[in-house]
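The values are calculated or read from the model by the stated rules, or taken from the named source; none is laboratory data. Note that the structure is predicted; figures quoted are calculated from it, not measured. Note: ideal-geometry Cβ built from the backbone for every residue, glycine included; neighbour counts use all protein chains shown. Accessible surface is based on the protein model in full, side chains and every heavy atom, while ligands, DNA and RNA are left aside. Shrake-Rupley method; radii C 1.70, N 1.55, O 1.52, S 1.80 Å.
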Amino acid sequence: MKDIVLINVFGDDKPGVTSSLATELARFGASILDIGQAVIHDDLALGMLVALDRERITPDNLRAAINDVADRLSVRVRFEHIERERYQEWVDQQGKPRHIVTLLSRQVTAEQIADVTAVTVRHGLNIDHINRLSGRVPLEALDRHSSACVEFSVRGAPADAQALRADLMELSTRLEIDIAFQKDTPYRRNRRLVCFDMDSTLIEAEVIDELAKAAGVGDEVVAITEAAMRGELDFQQSFAKRLSLLKGLDESLLEGIAENLRLTEGAEKLIATLKKLGYKTAILSGGFEYFGRFLQRRLGIDYVYANQLEIVDGQVTGQVSGRVVDGARKAELLKQLAEREGITPEQVIAVGDGANDLPMLNAAGLGIAFRAKPLVKASAEHAISTLGLDAILYLLGFRDREHGDLG
């Protein structure tokens, strides 16, 4: 027969606590059924669930020995006897689905934690672990590009996934935060390819709008672009209409426009980190290849697929060469690149902001609407609106300190 005892240890974090306790437990022939440790602001919380052979040792003898160790280490200890039925219930729960809830914000507040956890409880999800993925926060005023992330590992399956999604979206809008809910699968840290839209994703501008300003037709093109990004206009028709307004633009202006394009917050950090982690990256853009190649050289992107701007006698003709890269083409290219890299679409991440990115987002294992229009944000499985592009690393489960280790 076995006695099951939960041992909780609290106190200042210091070397040797776990080792000393485990050594004493080994002397009693204890089996470790579960173990966990957390350190918050140098304060230790350690838990061990142990099984004892009742014929060899009693819980009272173990308690006395562990208390002696705790006194020497200047830590507090608590014991709890666990009934076999309760233990079996815990064992039976291990087959339940697991999900990851990721809270993204410039600064995490108690209100955010309270409301996010209230939603998980309301939908029948039990929190197993909570981890801070972002770095330590200074007390001084936060930088405008500061980021904070808390990750919740939850167990169970929501009875109504759509209702859960609606509650999380309402919460993210009200509190101006981002909340991701994804299955905890082996693919999470095993994705190998990231496909980016270019305009308003990797860069802050829409290149066609910048070209239009140089051509003196900025207002007309911007109006068409905004309607297309909202999903109000068919991409191919709106693209042809905008493109025709660029006829006669001098080719010599392209280089200056490219050099003045501003990268989106976090883009350089994200691409550099992905490269060090062994990911391949791609630009799949309804914009123009000239500017995609410029970014490829600057950031080290592996693949670029975009529209070939037709230029004759040093002037833009208002046409493109070859097949237009629209939403359907982006999804097709994503699948082709996955096959080329020897991976499945489930191992691909897609990031975009416009309606024409939705097919690509839906084709990927992890589709992320980045600072997207309302229609796209509501249709995509995941969205980031609060932080920069490098927040994608949080969705993959990477901590800030892991990025530094790669440097």
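Points to keep in mind about this one:
- The residue of the stretch 176-204 that is farthest from VAL154 (Cα to Cα), among those that are open to solvent by 50 Å² or more (accessible area, probe 1.4 Å) and assigned to a loop (DSSP other than H, G, I, E, B), is GLU204.
- Enumeration of residues in the stretch 7-55 that are surrounded by 11 or more Cβ atoms within 10 Å (Cβ to Cβ) and either touching a Cys at 6+ places or on another chain (Cβ under 6 Å) or small (Gly, Ala, Ser) (or both): GLY11, SER20, ALA22, GLY29, ALA30, SER31, GLY36, ALA38, ALA45, GLY47, ALA51
- One residue from VAL9, VAL5, VAL77, VAL17 being in contact (Cβ under 8 Å) with a residue 24 or more places away in the chain, farther than 30 Å from PRO158 by Cα and touching a Pro at 6+ places or on another chain (Cβ under 6 Å): VAL5
- The residues in the stretch 13-42 that are in contact with a strand residue (DSSP E or B) (Cβ under 7 Å, 6 or more places away or on another chain) and not polar (S, T, N, Q) can be counted, and the count is 14.
- Every residue from the stretch 262-279 that is buried (at least 19 other Cβ atoms within 10 Å of the Cβ), not in a helix (DSSP H, G or I) and not hydroxyl-bearing (Ser, Thr, Tyr): GLY266
- The set of residues in the stretch 230-239 being open to solvent by 20 Å² or more (accessible area, probe 1.4 Å) and touching a residue at least 24 places away in the same chain (Cβ under 8 Å) consists of ARG230, GLY231, PHE235, GLN236.
- Some residue of the stretch 252-261 being open to solvent by 60 Å² or more (accessible area, probe 1.4 Å) and hydrophobic (A, V, I, L, M, F, W, C): yes
- Selection count where residues are under 23 Å from HIS99 (Cα atoms) and either open to solvent by 10 Å² or more (accessible area, probe 1.4 Å) or among the charged types (D, E, K, R) (or both), scope the stretch 362-381: 8
- Residue within the stretch 309-320 that is acidic (Asp, Glu) and part of a loop (DSSP other than H, G, I, E, B) present: yes
- When LYS330, LYS335 are screened for being open to solvent by less than 20 Å² (accessible area, probe 1.4 Å) and touching a Pro at 6+ places or on another chain (Cβ under 9 Å), only LYS330 passes.
- Scanning the stretch 56-84 for residues that are open to solvent by less than 40 Å² (accessible area, probe 1.4 Å) and closer than 30 Å to GLY135 by Cβ gives LEU73, VAL75.
Yes/no per residue for (1) among the hydroxyl-bearing types (Ser, Thr, Tyr); (2) in contact with an Asp or Glu (Cβ under 6 Å, 6 or more places away or on another chain):
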| position | (1), (2) |
| --- | --- |
| ARG54 | no, yes |
| ASP60 | no, no |
| ALA65 | no, yes |
| SER74 | yes, no |
| ARG78 | no, no |
| GLU83 | no, no |
| GLN88 | no, no |
| ILE100 | no, yes |
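- Qualifying residues in the stretch 294-304 (those that are in a loop (DSSP other than H, G, I, E, B) and open to solvent by less than 50 Å² (accessible area, probe 1.4 Å)) - the one farthest from ARG192 (Cα to Cα): GLY300
- Summed over the stretch 305-326, the residues that are within 26 Å of the chain's Cα centre (by Cα) and open to solvent by less than 10 Å² (accessible area, probe 1.4 Å) give a count of 0.
- Of the residues making up the stretch 227-261, those that are farther than 24 Å from ILE301 by Cβ, of a type in the set (A, V, I, L, M, F, W, C), out of contact with any Leu (no Cβ under 7 Å at 6 or more places or on another chain) and part of a loop (DSSP other than H, G, I, E, B) are LEU233, LEU245.
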